[in-house]
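S.K.: I have a structure I would like to understand better, so I am pasting it below and will then ask my questions one at a time.
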Amino acid sequence: MVITKQHKMRFKTKAVHAGQEPEEITGAVTTPIFQTSTYSNKKLGETKGFDYGRTINPTRTALEKCIAELENGKYGFCFSSGMAAVHTVVALFQKGDHIVCSDNVYGGTYRLYEQIMRNFGLDFTYVDTSDAGLIEKAVKPNTKLIYVETPTNPMLGISDLEAVSKIGKSKNIMTCVDNTFMSPYFQNPLDFGIDIVLHSSTKYINGHCDVIGGCLITSDDSIAERLKFLQNSIGSVPAPFDCFLILRAIKTLPLRMQAHNDNAAAIAESLAKNDKVVKVFYPGLTTHPQHKIAKKQMSGFGGIISIDLGSYEKAKTFCDKLRIFQIAESLGGVESLVCHPPSMTHGSIPKEMREEIGLTDGIIRLSVGIEDIEDLMEDINNALK
Ligand SMILES: Cc1ncc(COP(=O)(O)O)c(C=O)c1O
């Protein structure tokens, strides 16, 4: 049986089936890896809809349809990394255009904007996008994009998606949200009127720390047409095998996200009571400054917690003493990871700018995995001693 959109699938069903009809020749239930760079034309000018592997690949198409459905969007586009997806979004704009961006974004996004895209004549203003008033103030006559990360990496700040989309629509400015931290399971920015959703699928979407990937989702026909053109023209597309692995991983996305969320919520509550911890950043805590907005637009709070331990020395001692949490870049995998953003993921952001957003040298980011909560708690409590 072919499952069509008319079946109105719920999230867990979509995660298993969306975009993945049984393969036509054999009926293979699992979408095969179409490991080919090109396709034979029956006659000159007669293709079966497939011409060249950069332009189209059936394994990638299945993944693109799947992620589009998970984000309640019409079109999905996959890339070889999250950064390739970010690059494709900014490639929609031209010399002289201005972009308003969250002042706390992934360090690689800031590096791309400041060290590469500025050289191509784009201008950027960074503001705390959790304050919609600051976004409005930053808008100039040549502003073409509002780029928001919510929750932010690593300070877990939340921007009001409805407010961001309202500003964009009233001023005819495109909006893009990096939804990496929530995954489509906990937050769907298109539902709030956002134009483009971005993910580093390296993180929760793949969730097993074995693939680098990115994706973009939109429901806007003209944006989709331009993204398709850029995807093919820039060419940073994922390999068929990586698409296969991500499709496979998505089948358990809802189960993984729930487990990440449950473990992180328990750890955040416990850390908030520990006097060795100066501050806990987790949108699920009622003390989080945007907890109410988080509750309104997210159906869970995710698996990332940041903590302030007060100094680099204390942060280092804590990381070095952990046994289950591995010290590593990245996040969102089933295995628990710990990172020191100022010296790792956000090292390319100038120290003064990091400190302005509270990203001081005592900040540690925990990516809480799906291991037994008792083991994770023990590991953290031992390291804090
Ligand atoms: C929020 C966020 N967006 C984008 C990226 C970039 O993704 P990738 O590392 O897959 O290129 C990252 C990477 O850590 C990230 O955390």
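S.K.: Please go through the range 168-206 and pick out each residue that is assigned to a loop (DSSP other than H, G, I, E, B) and within 11 Å of the ligand (Cβ to nearest atom). Explain how you work it out, then say what you get.
M.R.: Start the filter on the range 168-206 by keeping residues that are assigned to a loop (DSSP other than H, G, I, E, B), which leaves 172-173, 179-182, 187-188, 193-195, 201-206.
Across the range 168-206, the qualifying residues are 179, 180, 181, 182, 201, 202, 203, 204, 205, 206.
S.K.: Next question, about the same structure. Can you find, within the range 320-334, the residue that is most open to solvent (accessible area, probe 1.4 Å) among those that are more than 16 Å from the ligand (Cβ to nearest atom) and over 18 Å from residue 212 (Cα atoms)?
M.R.: As a first pass, look at the range 320-334 and keep what is more than 16 Å from the ligand (Cβ to nearest atom): 320-325, 334.
Narrowing the set further to residues that are over 18 Å from residue 212 (Cα atoms) leaves 320-325.
Details: 320: 75, 321: 95, 322: 10, 323: 170, 324: 59, 325: 4 Å².
That would be 323.
S.K.: Let me ask you something else. Looking only at the range 217-260, how many residues end up being hydrophobic (A, V, I, L, M, F, W, C) and closer than 19 Å to residue 15 by Cβ?
M.R.: Pass one, the range 217-260, residues hydrophobic (A, V, I, L, M, F, W, C): 217, 223-224, 227, 229-230, 234, 237, 239, 241, 243-247, 249-250, 253, 255, 257, 259.
From what's left, closer than 19 Å to residue 15 by Cβ: 217, 243-247, 249-250, 253, 255, 257, 259.
Number satisfying all stated conditions: 12.
S.K.: Looking at residue 130, is it assigned to a helix (DSSP H, G or I), at pLDDT 95 or above and among the hydroxyl-bearing types (Ser, Thr, Tyr)? Quick ask: steps written out before the conclusion?
M.R.: Values: assigned to a helix (DSSP H, G or I): no; at pLDDT 95 or above: yes; among the hydroxyl-bearing types (Ser, Thr, Tyr): yes.
Criteria not met by residue 130.
S.K.: Is it true that residue 105 is in contact (Cβ under 8 Å) with a residue 40 or more places away in the chain, of a type in the set (A, V, I, L, M) and either assigned to a loop (DSSP other than H, G, I, E, B) or open to solvent by 40 Å² or more (accessible area, probe 1.4 Å) (or both)? Reasoning before the result, please.
M.R.: Numbers: in contact (Cβ under 8 Å) with a residue 40 or more places away in the chain: yes; of a type in the set (A, V, I, L, M): yes; either assigned to a loop (DSSP other than H, G, I, E, B) or open to solvent by 40 Å² or more (accessible area, probe 1.4 Å) (or both): yes.
Yes; evaluated as a whole, the condition is true for this residue.
S.K.: Taking residue 272 as meeting all but one of (1) surrounded by 15 or more Cβ atoms within 10 Å (Cβ to Cβ); (2) touching a Cys at 6+ places or on another chain (Cβ under 8 Å); (3) among the hydrophobic types (A, V, I, L, M, F, W, C), write down the number of the exception.
M.R.: That leaves (2) as the condition not met.
S.K.: May I ask you to verify whether residue 27 is modelled with pLDDT under 95 and surrounded by fewer than 17 Cβ atoms within 10 Å (Cβ to Cβ)? Walk me through how you get there before you give the answer.
M.R.: Working: modelled with pLDDT under 95: no; surrounded by fewer than 17 Cβ atoms within 10 Å (Cβ to Cβ): yes.
Spelling it out, it is not the case that residue 27 is modelled with pLDDT under 95 and surrounded by fewer than 17 Cβ atoms within 10 Å (Cβ to Cβ).
The rows are residues; the columns are (1) closer than 23 Å to residue 252 by Cα; (2) assigned to a strand (DSSP E or B); (3) hydroxyl-bearing (Ser, Thr, Tyr); (4) in contact with a Leu (Cβ under 9 Å, 6 or more places away or on another chain).
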site: 314; (1), (2), (3), (4): no, no, no, no
site: 333; (1), (2), (3), (4): yes, no, no, no
site: 341; (1), (2), (3), (4): no, no, no, yes
site: 346; (1), (2), (3), (4): no, no, no, yes
site: 375; (1), (2), (3), (4): yes, no, no, no
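S.K.: Scan the range 231-242 and give yes if some residue there is out of contact with any strand residue (DSSP E or B) (no Cβ under 7 Å at 6 or more places or on another chain), among the small types (Gly, Ala, Ser) and assigned to a helix (DSSP H, G or I), otherwise no.
M.R.: Filtering the range 231-242 for residues out of contact with any strand residue (DSSP E or B) (no Cβ under 7 Å at 6 or more places or on another chain) gives 232-235, 239-242.
The next check asks that each one be among the small types (Gly, Ala, Ser); those that pass are 233, 235, 239.
Filter once more, keeping what is assigned to a helix (DSSP H, G or I): 233.
Looking through the range 231-242, at least one residue is out of contact with any strand residue (DSSP E or B) (no Cβ under 7 Å at 6 or more places or on another chain), among the small types (Gly, Ala, Ser) and assigned to a helix (DSSP H, G or I).
S.K.: Is it the case that residue 53 is open to solvent by less than 30 Å² (accessible area, probe 1.4 Å) and either within 16 Å of the ligand (Cβ to nearest atom) or modelled with pLDDT of 95 or more (or both)? Please lay out each step first, then the result.
M.R.: Working: open to solvent by less than 30 Å² (accessible area, probe 1.4 Å): yes; either within 16 Å of the ligand (Cβ to nearest atom) or modelled with pLDDT of 95 or more (or both): yes.
Yes: the conditions hold for residue 53.
S.K.: Name, by its number, the condition in (1) assigned to a loop (DSSP other than H, G, I, E, B); (2) more than 14 Å from the chain's Cα centre (by Cα); (3) within 16 Å of the ligand (Cβ to nearest atom) that does not hold for residue 116.
M.R.: Going through the list (1) assigned to a loop (DSSP other than H, G, I, E, B); (2) more than 14 Å from the chain's Cα centre (by Cα); (3) within 16 Å of the ligand (Cβ to nearest atom), residue 116 breaks only (1).
S.K.: To continue, here is another question. Just one of 86, 90 is without any contact (Cβ under 8 Å) to a residue 60 or more places away in the chain, open to solvent by less than 10 Å² (accessible area, probe 1.4 Å) and within 15 Å of the ligand (Cβ to nearest atom); which is it?
M.R.: Working: 86 fails: without any contact (Cβ under 8 Å) to a residue 60 or more places away in the chain.
Within the list 86, 90, the selection yields 90.
S.K.: Okay, next question. Yes or no: the range 93-100 includes at least one residue that is under 30 Å from residue 343 (Cα atoms), surrounded by fewer than 21 Cβ atoms within 10 Å (Cβ to Cβ) and within 16 Å of the ligand (Cβ to nearest atom).
M.R.: Within the range 93-100, not a single residue is under 30 Å from residue 343 (Cα atoms), surrounded by fewer than 21 Cβ atoms within 10 Å (Cβ to Cβ) and within 16 Å of the ligand (Cβ to nearest atom).
S.K.: Among what's in the range 6-24 and is open to solvent by 70 Å² or more (accessible area, probe 1.4 Å) and charged (D, E, K, R), pick the residue that is farthest from the chain's Cα centre (by Cα). Spell out the reasoning first.
M.R.: Keep residues of the range 6-24 that are open to solvent by 70 Å² or more (accessible area, probe 1.4 Å), which gives 6-8, 10, 12, 17, 21, 24.
Right, trim to charged (D, E, K, R) and you get 8, 10, 12, 21, 24.
On the way: 8: 25, 10: 21, 12: 19, 21: 26, 24: 33 Å.
Here the residue is 24.
S.K.: Cβ-Cβ distance below 7 Å, separation of 6 or more or different chains: which pairs start in the range 21-32 with a residue that is among the aromatic types (Phe, Trp, Tyr) and end on one that is in a loop (DSSP other than H, G, I, E, B) and open to solvent by 40 Å² or more (accessible area, probe 1.4 Å)?
M.R.: none
The values are calculated or read from the model by the stated rules, or taken from the named source; none is laboratory data. Because the structure is a prediction, the values reported are computed rather than measured. Note that each Cβ is placed from the backbone with ideal geometry, even for glycine, and that neighbours are counted across all protein chains shown. Note: areas computed on protein heavy atoms with side chains; ligands, DNA, RNA excluded. Shrake-Rupley method; radii C 1.70, N 1.55, O 1.52, S 1.80 Å.
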